[in-house]
Amino acid sequence: MKTLTRFTLPLLLCAAMASPALADHEEGGCEKIHARIIDAKVTEGCTSPNNFCAAGNVTGDLKGTTFFRLDGVATGPATAPGSFSTSGVLVFTTRRGTLTVRETGVSGLGAFFPALELVTDGTGEFAGATGHMWVLGARVGDHFDSKIIGELCRP
């Protein structure tokens, strides 16, 4: 029982600190987002200054297609050789409208890449939306498989 208490108390404290922030968003018409993107590098329509774009499909709460355009890369710290930070624009196109996010992440960590997506624009049902999503992705052969979780708030 002591082991459970030792781990439970810190988790409860973290949850208590996070709940007021989440509660504020939920009152403003927010929804939790769970999605999955399967995409691959493309050259057609790619205007990236870094020569990297990816297109694919998204399932889950954001059903439709995606297009990512990398527009910034910086070398990672010396303590993480081969890593680099990335930033680009990802557009989700759904039946409900388009949702545009700024995705900033870390690559060069083997096959895996974490990222944060912040909503920057939207059309249709996503017009005026705000929110954020976390990405945990992996390179699998010739494509990328990413799980997305987050929160989308609409006015």
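Coordinate-derived values only; no laboratory data. Nothing here was measured: the structure is a model prediction, and the numbers come from that model. Ideal geometry is used to build each Cβ from the backbone, glycine not excepted, and the neighbour counts take in all protein chains shown.
For the reader, a short list of remarks on this structure follows.
- Linear extension gain, residue 116 paired with residue 78, 0.36 nm per residue minus alpha-carbon span: 11.5 nm
- Over region 30-153, the Kirkwood radius and the radius of gyration, each from Cα atoms, give a ratio Rg/Rh of 0.96.
- Distance between the 7 Å Cα→Cβ label points at residue 34 and residue 50: 3.0 nm.
- Using alpha carbons only, the radius of gyration of region 100-150 set against its Kirkwood radius gives Rg/Rh = 1.07.
- Annotation for residue 85 and residue 139: the two label points, set 7 Å from Cα along the Cα-Cβ direction, are 2.1 nm apart.
- On full extension, the segment bounded by residue 59 and residue 127 gains 22.4 nm, given 0.36 nm per residue less the C-alpha separation.
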